[in-house]
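One structure is given below, encoded as structure tokens.
The values are calculated or read from the model by the stated rules, or taken from the named source; none is laboratory data. Please read all numbers here as calculations on a predicted model, not as lab measurements. We place every Cβ from the backbone using ideal geometry, glycine too, and count neighbours over all the protein chains shown. Heavy atoms of the whole protein, side chains included, go into the accessibility calculation; ligands, DNA and RNA do not. Shrake-Rupley method; radii C 1.70, N 1.55, O 1.52, S 1.80 Å.
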Amino acid sequence: MTKEVRDYAVQKTHEMMEAFSCSAEAKAAGQAWLDALDTENEAAATEKYIAELEGDIMPVEMLIAFAESDGGAQVFGPEKTKEVAAHAREIQAAGAKYCDCPACAAVEAILARKDEMLK
């Protein structure tokens, strides 16, 4: 991977890890990838990291379903869950494929350059 792509991915990884909405699994994967940079394990760690991110990013349809579920009400609260679902429907109508929370936005940016990362 080029220095420019690497610097970009490192920046977005830090953004993801610092986001309130970042899962523990994604944080751990991000840290493992950062720790593997400049080692003999970098290529394998990059593949593993991308696979984790592809599994963690939330498609907007899943966000809507979650927000409207009992689990969503427990996480967001009964009033906020309606706002989250309405927001998700708005971004879906505008063409969004994924949740636009800070963590998912950073992951989407990283995944947009995954082919460059795997070079």
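Tell me, what % of the accessible area of the chain is carbon and sulfur with a 1.4 angstrom probe?
Here it works out to 54 percent.
Mind checking the angle between helix 3-18 and the chain's longest principal axis? C-alpha axes, 0 to 90 degrees, to the nearest 10.
Orientation of helix 3-18: about 40 degrees from the principal axis.
Please compute the alpha carbon radius of gyration of segment 50-117, then divide it by the globular-protein estimate 2.2 N^0.38 Å. Two decimals is fine.
1.18
Grab the DSSP H runs of the chain that are 4 residues or longer, score each as -39,500 (n - 2.57), total them, divide by all residues and round the 222 nm result to the nearest 500 deg cm²/dmol.
Rounded to the nearest 500, it is -22500 deg cm²/dmol.
By how many degrees, between 0 and 90 and to the nearest 10, does the Cα long axis of helix 42-56 differ from the longest principal axis of the chain?
Tilt of helix 42-56: around 10 degrees.
Taking amide H positions as placed in the peptide plane 1.01 Å from N, state which residues far from Tyr98 in sequence (5 or more) or on other chains have amide H under 5 Å from it.
Val60
What number comes out for accessible area per residue over the chain if the probe is 1.4 Å? Units Å², please.
Result: 59 Å² per residue.
Please sort by residue number the GluC sites (Glu not before Pro) in segment 17-63 whose DSSP state is loop and whose Cβ has at most 15 other Cβ atoms within 10 Å.
Passing sites in segment 17-63 are Glu40.
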